[in-house]
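The values are calculated or read from the model by the stated rules, or taken from the named source; none is laboratory data. Everything numeric here is computed off the predicted structure, so don't read it as measured data. So basically every Cβ, Gly included, is an ideal-geometry build from the backbone, and we count neighbours across all protein chains shown. These area figures cover heavy atoms from the full protein model, side chains too; ligands, DNA and RNA do not enter into them. Shrake-Rupley method; radii C 1.70, N 1.55, O 1.52, S 1.80 Å.
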Amino acid sequence: MANSLSDLIFEALCLRHRATTNVSRSMTQRELQDATGLTPEALMDALKVLCGPEYDHDLRVRFVDGDGEKITLGRAWLGRCEGTAPGA
């Protein structure tokens, strides 16, 4: 998987996580697909790599409560997102 795919996914999930509006910190597959411009197949392939085989919460991306439709930052990317200045 190219680094740029993971960067696109990180940026979309980080923006959602840091949103100041009353919106869920998770994204649906469709929202993430729209935000990144990835095809459904490319998105799922990238998510499988980013989540790992057990969908560990410590990894970069995780499915909320094991639901493949709710995607959010895992612990590995959460700190990176929170340490990023807006617009950086």
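In the stretch 5-78, carbon and sulfur make up what percent of the accessible area (probe 1.4 Å)? Let's see the in-between values first.
Values: 2090 of 4230 Å².
With neighbouring chains kept in place, the figure for the stretch 5-78 is 50 percent.
Which FRET efficiency, nearest 0.05, do S24 and K48 yield, Cβ-Cβ r, R0 22 Å?
Using R0 = 22 Å, I get an efficiency of 0.50.
How much length is gained on full extension from T39 to R75, taking 0.36 nm per residue of separation minus their Cα-Cα distance?
That works out to 10.4 nm of additional length.
What order do you get for 76-82, 6-12 when each peptide is scored by the mean count of other beta carbon atoms within 10 Å, highest first? Spell out each step's value before the answer.
Details: 76-82: 15.0, 6-12: 17.9.
So the order, starting with the most tightly packed, is 6-12, 76-82.
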